[in-house]
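Student: Supplied in structure tokens, the structure appears directly below.
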Amino acid sequence: MVKQADPHRPPTVAALFDALAAYGESPALMTVREGAVEAISFAALHHDTRRLATGLLKAGLARGEGVVLYGANSPAWITVRGAVALAGGKTVALDHLTPVEEATRLIKDAGAGWVLADAGNAAALRALLPGESRLFRLADGRRSGDGETVPSWRSLLADEPAPLPEIDADNVDMLVYTSGTTGAPKGIELTHRMMMANVTAICAEGLVGPGDRALLPLPLHHVYPGLVGLLVPLTAGTAVVLPEAVTGPGILEALRLAEGSVVVGVPRLYGALLAGIESRIETRGRLLRMGFRAMLAISLLLRRRLGISVGRCLFGALHRQFAPRLRLLACGGAHLDIGVHWKLEALGWRVVNGYGLAETASIFTVNFPGARRIGSEGRPLGGGGVRIADPDVYGIGEIQLRGASVFAGYRNNPDASREAFTADGWFRTGDLGHIDRDGFLHVAGRLTEMIVLGGGKNVFPEDVEAVYGDNPLIADIAVLERDGVLVALVLPDFAAIAESGNTQVDSVIRVELATLSRRLPSWQRIAGYAIVRAPLPKTRLGKVRRFLLPEIYDTARSGGAAATAEPLAERDRDLLATEPAGAIWQWLASRYAARGVTLDTNPQLDLGIDSLGWMEIAIELDERFDVRLTEDQVAGIVTLRDLLSAAGAPPSAVEPTPGPSGPVRLTAEQRRWTTPMPAPLAFVAALVLALNRWVMRLVFRIEVRGLENLPARGPYMLAPNHASYLDAPAIAGALPFRIVRQIRWGGDARKMFSSWFGRLASRGARIFPINERAPQATLALAGSLLEKGHILVWFPEAWRTPDGRLQAFMPGVGTLLQHSGVLAVPVHIQGTFEAWPRDRRLPRVRRLRIVFGRPVTPATLSASGSGQTPEARIAEALHDAVAALAEPNASIAASG
């Protein structure tokens, strides 16, 4: 408990800091810097806070006067925080990343005459604050970065502490501002009584003690880390550890160096921790992965069913590697996914989560170890009251609170204060939830964030985001409503997509979203999306600032980001001043004038250039500018800036690549796919084809139409829709052997040719590799097969459909047809999606139907399609021909 001069007086934050000396020379603050730990003892922190409080009073700080802290986490921030409480002042905590103009507005709103800020912020504030403001820097030294003299906070330290005034528990201890997730920030004044009601109740549970060290990666200007991550540990004699960086490596380094046993974090941090562990396991051998999953399943079963924790024993090596002493994870700020919670428990960590708002001094309900229900937010802390207003048939309604930690109203905002409370004095949280029969609170979402669709359906965006975000290729997603339907802003994980070998970012995201949609009821599925590259707007605790989403979505959909590009940096101006980069840039700007390109434009994502589409770019670069790019260079191009840099590389650094006048030479490995297979392998392949034909005809009862449209011999191309892994077997089973033996199938080089067995099986099945990262080589290989009279089966969608609908055809099929000049046969396959969709592990029996359309020339397709290039026109016309075969009343033959 906190030591008090008068045991009958309510505890205060001032008394908390005044009691620190009881823990003597034990470390109170531990800061990690450059691979070392710098510690400040409880005795030293006590002495410095009292000296600074004395200096503040001598300098004229009045009781209740505001002192702004506008800086990053540091021992100085904490020392000033304690000193202001001891002196009877009011700490005004601002995010150090808040723009200086906005910070100035908040400083004036707070009526604070004292400001302590980081060096950069202090220098910027000097010209904006009134002359009577007293400005100090939260750093040692005397001068700021711009040459203006801004004294250090240490200049306020008294030589020795003097007696300090008694502080009333009802005095305001801290003024914070809401994070602004729904609009302009509102000021919240928290008294000593409110703060200490939560601190005392949490400390009474004995979760931490003098032997612990609590890592605090969250910003102290938020009430949750300021109370749970600072005041609670200091009260319990626990050292507070400040990491050098809040990145994953920085946090792990701090845990190891400072021997952290507790982390005070938010759901995003723990989700990232778990994802990092699982991704590491996935890179290991198959036996290790299987062993990990088995142990996790056993640990999870014992933890959930019997309450037995064996995680630290089963995963001892993991704990030793990450943080040997880490045992407790405190989580707040947002809802923790129940799946993440259980997995963390199964791995051997104890998780304590709760619910609260800044208006309740951050904490109101807690899932303490002795009385908790995972998936809920726990029970009220310290005798607080919770009720559900106007519950629906499921018991869900607005969460309303009453208790010692609830604030009295917003500063200088009577209208908002009036709306925040019911007539009988309960605080309206704006959150929706229900209370189960054992008194545990379950939060469903924000009342103000709930989306009401045109049909009257209510959608909580976080529930939808949890489903769509459960994908390693999606870094983040935010759901909103536009024109009566759900849409989303999607931030792809570009690194993960590149690592997977895919170059078509938009196609990857489209397919993944459509596949994930099948997990949701129809009204919760998104009807549109926009891809962004910058992080979504969030508070420092990870909450989406939803009021900003509509403008971002509209801008992203309209391509406005490109039109509002910032002025060129000096290195970009130098790049465009060189040749041929400058000339190429002018050509690109003219070619894609309608798109509004910038140097940051992504060729695939913004301009629709697929892997084979690079062939056309390469040809024009060669013809116009005498620039030849290697396959490796093309694979490394992410932006047009990369393209220009590659084009301007010294000739010696560029391997010569034959232009369009001559074919690209095939490697020895590629030539293997154009030669007849050995007789034993051909015999086995023939048996497999016979078995496949029997299965397709008798099991799937395949119906075939339009065989008479097929030329007896190649070369030509079959262009079917792509709905399932059954598509290729269905085509092979539908065709007579005299045609099947001429067929060569295009297959993903990354998926099908990465092992010796895959290469052997592909050879036997007459599959040749398609490499998105080597479009010229792929085009050359396909062209060589056509020259030998083979029939190619090419899936122009490139991806299996996620929802059964025909997708857009990639321009690459147009490139291949344009260069080869062979006939294309549109093919429509029906039933394979229903038999084996993307989200099923095994197929089910369904009747199949295949229709072969009439052959059509590339010239005819180009004349009937639309698009900027012949390749795009061919792809679009071929798409329409395939789609026509699916219409119930359409002729079996496609027009053309």
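The values are calculated or read from the model by the stated rules, or taken from the named source; none is laboratory data. Only a predicted model underlies this, so the values are computations on that prediction, with no experimental measurement involved. Counting neighbours? That spans all protein chains shown, and the Cβs are built from the backbone with ideal geometry, glycine included. Heads up: the accessible areas ignore ligands, DNA and RNA and are worked out on the full protein's heavy atoms, side chains in. Shrake-Rupley method; radii C 1.70, N 1.55, O 1.52, S 1.80 Å.
Student: Please report the relative contact order for the range 1-126, taking Cα pairs under 8 Å with a sequence separation of at least 6, and give it as a percent rounded to a whole number.
Tutor: 23 percent
Student: Stretch residue 555-residue 757 to full length: gain in nm at 0.36 nm per residue minus the Cα-Cα span?
Tutor: Stretched out fully, the residue 555 to residue 757 stretch lengthens by 67.9 nm.
Student: Among 757, 42, what's the order by accessible area (1.4 angstrom probe), most exposed first?
Tutor: Descending order: 757, 42.
Student: Here's a follow-up. Highest mean first, how do 285-294, 439-448, 263-272, 51-60 rank when packing is the count of other Cβ atoms within 10 Å averaged over residues?
Tutor: By packing density, highest mean first, the sequence is 263-272, 51-60, 439-448, 285-294.
Student: Here's something else I'd like to know. Quick check on the chain: helices-only [θ] at 222 nm, where DSSP H runs of length 4 and up contribute -39,500 (n - 2.57) each and the sum goes over total residues. Nearest 500, please.
Tutor: It comes out at -10500 deg cm²/dmol, rounded to the nearest 500.
Student: Specify which labelled value, from (i) 61, 32, 26; (ii) 82, 34, 22; (iii) 48, 35, 27, agrees with semi-axes √(5λ) of the Cα gyration tensor in Å derived from the coordinates of the model shown.
Tutor: (i)
Student: Along the charge dipole of the range 665-774, pointing to its positive end and built from +1/-1 on Cβ of Lys, Arg, Asp and Glu, which listed residue (723, 734, 769) has its Cα farthest out?
Tutor: The residue sitting most towards the positive pole is 769.
Student: Pairs to check: 108/543; 58/186; 186/538; 58/90. Give those whose C-alpha atoms are more than 24 Å from each other in this structure.
Tutor: Result: 108/543; 58/186 exceed 24 Å.
Student: What net charge do the residues around residue 519 carry, taking every other residue with its C-beta under 14 Å from that of residue 519, with Lys and Arg at +1 and Asp and Glu at -1?
Tutor: Net charge around residue 519: -2.
Student: R0 = 35 Å: FRET efficiency of residue 413 with residue 572, Cβ-based, nearest 0.05?
Tutor: For residue 413 and residue 572, the calculated efficiency is 0.15.
Student: Further question: Among 89-100, 200-211, how do they line up by average Cβ neighbours within 10 Å per residue, starting with the highest?
Tutor: The packing order, highest mean first, is 89-100, 200-211.
Student: Just the number please: accessible area per residue for the chain, 1.4 Å probe, all protein chains included, in Å².
Tutor: Value returned for the chain: 44 Å² of accessible area per residue.
Student: State to the nearest 20 debye the size of the charge dipole of the chain about its Cα centre, where the only charges are +1 on K and R beta carbons and -1 on D and E beta carbons.
Tutor: Charge dipole, the chain, about its Cα centre: 3540 debye, nearest 20.
Student: Determine the order of 727, 626, 424 by accessible area, beginning with the largest, at a probe radius of 1.4 Å.
Tutor: Descending order: 626, 424, 727.
Student: For Cα pairs less than 8 Å apart in space and 6+ apart in sequence, what is the mean separation divided by the residue count of the chain, i.e. the relative contact order in percent?
Tutor: Value for the chain: 7 percent.
Student: Let me ask something else about it. Test of understanding: what is the full-extension gain from residue 695 to residue 204, defined as 0.36 nm times their sequence separation minus their Cα-Cα distance?
Tutor: Once the chain is fully extended between residue 695 and residue 204, it gains 169.8 nm.
Student: Order these peptides, 865-875, 31-41, by their mean beta-carbon neighbour count within 10 angstrom, highest first.
Tutor: Top to bottom by mean Cβ count within 10 Å: 865-875, 31-41.
Student: I've got another one for you. The range 349-412 to the range 252-326: how many Å between their Cα centroids?
Tutor: 29 Å
Student: OK, next. Pop the C-beta distance of residue 450 and residue 866 into the FRET formula with R0 = 35 Å and round what comes out to the nearest 0.05.
Tutor: It comes to 0.25.
Student: On the protein heavy atoms, probe 1.4 angstrom, tell me the percent of accessible surface of the chain carried by carbon and sulfur.
Tutor: Carbon and sulfur together cover 53 percent of it.
Student: Quick query: amide H of residue 430 versus all other amide H atoms, modeled in the peptide plane; which residues come in under 5 Å with a sequence gap of 5 or more or a different chain?
Tutor: HN-HN under 5 Å from residue 430: 399.
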